[in-house]
1. One residue is enough: does region 87-97 have a residue meeting the conditions over 14 Å from the mean Cα position of the chain (by Cα), at positive phi and without any contact (Cβ under 8 Å) to a residue 40 or more places away in the chain?
2. Could you tell me how many of the residues in region 35-71 are out of contact with any Leu (no Cβ under 9 Å at 6 or more places or on another chain), among the polar types (S, T, N, Q), crowded, with 19+ Cβ neighbours inside 10 Å and modelled with pLDDT under 90?
3. Restricting to region 114-139, what's the tally of residues that are in contact with a strand residue (DSSP E or B) (Cβ under 6 Å, 6 or more places away or on another chain) and over 20 Å from Pro85 (Cβ atoms)?
4. Check region 106-124 and report whether any residue there is of a type in the set (A, V, I, L, M) and over 26 Å from Asn61 (Cβ atoms).
5. Could you list, in sequence order, all residues of region 44-79 that are part of a strand (DSSP E or B) and either out of contact with any Phe, Trp or Tyr (no Cβ under 9 Å at 6 or more places or on another chain) or under 11 Å from Val112 (Cβ atoms) (or both)?
6. Go over the candidates Asn141, Asn115 one by one and state the one that is farther than 19 Å from Val66 by Cα, in a loop (DSSP other than H, G, I, E, B) and in contact with a Ser or Thr (Cβ under 9 Å, 6 or more places away or on another chain).
7. State all residues of region 118-138 that are among the hydrophobic types (A, V, I, L, M, F, W, C) and in a strand (DSSP E or B); if no residue qualifies, say none.
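The values are calculated or read from the model by the stated rules, or taken from the named source; none is laboratory data. No experiment lies behind these values; they were computed from the predicted model shown. Cβ sites come from the backbone with ideal geometry, for glycine too, and all protein chains shown count toward neighbours.
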Amino acid sequence: MKKIILIVLLSAFIQSVRSQQTQGIRLRHGERIEAGFGQGNQIITPYIVLPSRTIEAYKTNQISSVRIGLNRDASNVTIYVKRRPHDGVVITSQKVGNLTAGWHDIKLAKPVDINGDSLAIGYKASFLEGNEGGAGYSFGNDECANIVFVNSKSTWSNIDGSFCIEAVVTGDALPQNQPRSRCSLRQPIFTESATPSAVLCAISGATVSMD
């Protein structure tokens, strides 16, 4: 009887581990779509930053998908992963096409290996004319999740909120019981009209959600 109970418990544990490896851990800032950024007929590229101190614990795993929250329908959506938002070099990009308002999980054709260096994750999208902005964000400013490039004006800006962008991390070496904390910067990343020279996120960790 004890052996049967032990086998059942072991089987449940293995299934739990497999489920976690499949579903992954979501690194996120903006949890709910509460408002939208961007004027009508604009092309914009919002970003979140995952500094090295956030993702150090996830080394040897991968970002297998990116989740984005849209406040309005979007067209010509493209996902970007870079080291920093302003970098010209892209680690990976993926055209998605047109998306409706709400949350979308985009599986990356080329998963991004995590080596402990900082990552910036964003998406470029076009939004038609309307009264509400299209790039979804949550209220509550998080300085590693408020960065946006307004392509139509060729300017960088910050919002008073946190963009709804999540990195889904999967792999065989996912950490357990990661602390929940917020990202804070030593200094502003950049002003609206200036091109950023460096992203300086000094944090204890980004918001972590276990699915």
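1. Yes: region 87-97 contains one or more residues that are over 14 Å from the mean Cα position of the chain (by Cα), at positive phi and without any contact (Cβ under 8 Å) to a residue 40 or more places away in the chain.
2. Summing the residues that are out of contact with any Leu (no Cβ under 9 Å at 6 or more places or on another chain), among the polar types (S, T, N, Q), crowded, with 19+ Cβ neighbours inside 10 Å and modelled with pLDDT under 90 in region 35-71 gives 1.
3. The qualifying residues number 1.
4. no
5. If the condition is that a residue be part of a strand (DSSP E or B) and either out of contact with any Phe, Trp or Tyr (no Cβ under 9 Å at 6 or more places or on another chain) or under 11 Å from Val112 (Cβ atoms) (or both), then Val49, Leu50, Gln62, Ile63, Ser64, Ser65, Val66, Asn76, Ile79 are the ones that fit.
6. Asn141 is the lone residue from the list that is farther than 19 Å from Val66 by Cα, in a loop (DSSP other than H, G, I, E, B) and in contact with a Ser or Thr (Cβ under 9 Å, 6 or more places away or on another chain).
7. Hits for region 118-138 are Leu119, Ala120, Ile121, Ala125, Phe127, Ala135.
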